[in-house]
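Before any comments, here is the structure.
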């Protein structure tokens, strides 16, 4: 079962007792990268990027609004992906990853709505309008809350995993609706400033600041999710000997 | 450099409330999430250690559904 080829393969990290120490080693690096990139991104966003010709300074909300909105959509897709893997392959770690992602996705979803509201007031004259982009993003927040509430309400972890996976998969339909809403419907929200098939409609330094902040959000998400997944793994694998050993080491003040 | 002075920077061309309201809430939420995640780890370890001592190391290893001495239910997760 544990042939050398097999244990060297990447798939061995699908086993919680291999993933747990790996996550513990990697998370601090992602957290450090997040910190460095956030400082760089804020510097670009506040001190290098010029004042916007039409919006003045308020546009600087973009450096968190867009990365947060991207993360909120992408994290949901990753959750749906892990849910699908979990349902098909019945791997414990997939469901853990999907549930470890949800609170961070919900946080970024709220941030996207909050910063959008604070940006909307001075530019559109309203904190909130029921347009397609805003409404579908609000629905995404409710999908996150529904997923979190459902997986926590069901006591049997296997049933909770499956019920959550179904919400994650069904709700994933909403993500392309959010993304394309500005093209499909006549919305107050502006179209994409950055897309694959045309030149970005903004100054290079603005774009750069936004991209650096987006990568920082990525790094932050990975670090936090790895840390959260570690606690969930200990919880779920508490009957195993290796968790027993980890706990004894922790009790003696050691690091695992 | 985009700003004539620090006060001009903090004023954000009159949009201070909107800009700093966005950044403030975002970083506060991220800090809160980090605190919650680190606290969850501490709580999990404390709770599982207590649980292991309560059930005894050997029966902690066996699964609850095997019968015999039932493993006490875990305190609910928070």
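Just so you know, all these numbers are worked out from the coordinates, no wet-lab data involved. Treat the numbers as computed from the prediction; the structure is a model and nothing was measured. Because the Cβ atoms are built from the backbone with ideal geometry, glycine has one as well, and the counts that use them run over all protein chains shown.
Each label was represented as a point 7 Å from its Cα along the Cα-to-Cβ direction; for residue A:51 and residue B:54 these points are 6.3 nm apart.
For region A:41-125, the fraction of alpha-carbon pairs lying more than 18 Å apart is 56 percent, rounded to a whole number. Could you work out how far helix A:241-251 tilts from the main Cα principal axis of chain A, as a 0 to 90 degree angle to the nearest 10? With rounding to tens, the tilt is 70 degrees. Comparing A:40, A:214, A:203 in a Gaussian network model of chain A where C-alpha atoms under 10 Å apart are linked, the largest mean-square fluctuation is found at A:203.
Using alpha carbons only, the radius of gyration of region A:33-239 set against its Kirkwood radius gives Rg/Rh = 1.01.
Helix A:132-153 against the longest principal axis of chain A: what's the angle in degrees, Cα atoms only, rounded to the nearest 10? Orientation of helix A:132-153: about 20 degrees from the principal axis. Counting Cβ atoms of other protein chains within 10 Å of each Cβ in A:55-62 and taking the mean gives 6. The residues A:154, A:96, A:167, when put in order of fewest to most other Cβ atoms within 10 Å, stand as A:154, A:167, A:96.
To the nearest 500 deg cm²/dmol, what mean residue ellipticity at 222 nm is calculated for chain A from DSSP H runs of n ≥ 4 alone, each contributing -39,500 (n - 2.57), summed and divided by the residues? All intermediate terms of the calculation are to be shown ahead of the outcome.
On the way: 9 runs with 186 residues, N = 256.
Helices in chain A give a 222 nm mean residue ellipticity of -25000 deg cm²/dmol.
Other protein chain C-beta atoms within 10 Å of residue C-beta, averaged over B:4-17: 3. Listed from fewest to most Cβ neighbours within 10 Å, the set A:189, A:65 follows the order A:189, A:65.
Counting Cβ atoms of other protein chains within 10 Å of each residue's Cβ and taking the mean over peptide A:42-52 gives 2.
Please rank A:121, B:42, fewest neighbouring Cβ atoms within 10 Å first, as an exposure proxy.
Working: A:121 17, B:42 11.
If I rank by nearby Cβ atoms, fewest first, I get B:42, A:121.
For region A:88-128, list residues with backbone N below 13 Å from a point placed 7 Å from the Cα of residue A:14 toward its Cβ? Inside the label zone: A:88-95. The angle between the Cα long axis of helix A:92-124 and the longest principal axis of the Cα atoms of chain A comes to about 20 degrees, rounded to the nearest 10.
Fully extended, how many nm does the chain gain between residue A:29 and residue A:184 (0.36 nm per residue separation, minus their Cα-Cα distance)? Don't skip to the answer; put the middle values down first.
Details: separation 155, 0.36 × 155 = 55.80 nm, distance 4.05 nm.
Additional length available on full extension: 51.8 nm.
Spacing of the modelled spin labels on residue B:3 and residue B:43, each 7 Å from Cα toward Cβ, amounts to 3.8 nm. Relative contact order for region A:33-239: 35 percent, from Cα pairs under 8 Å spaced at least 6 residues apart, divided by residue count.
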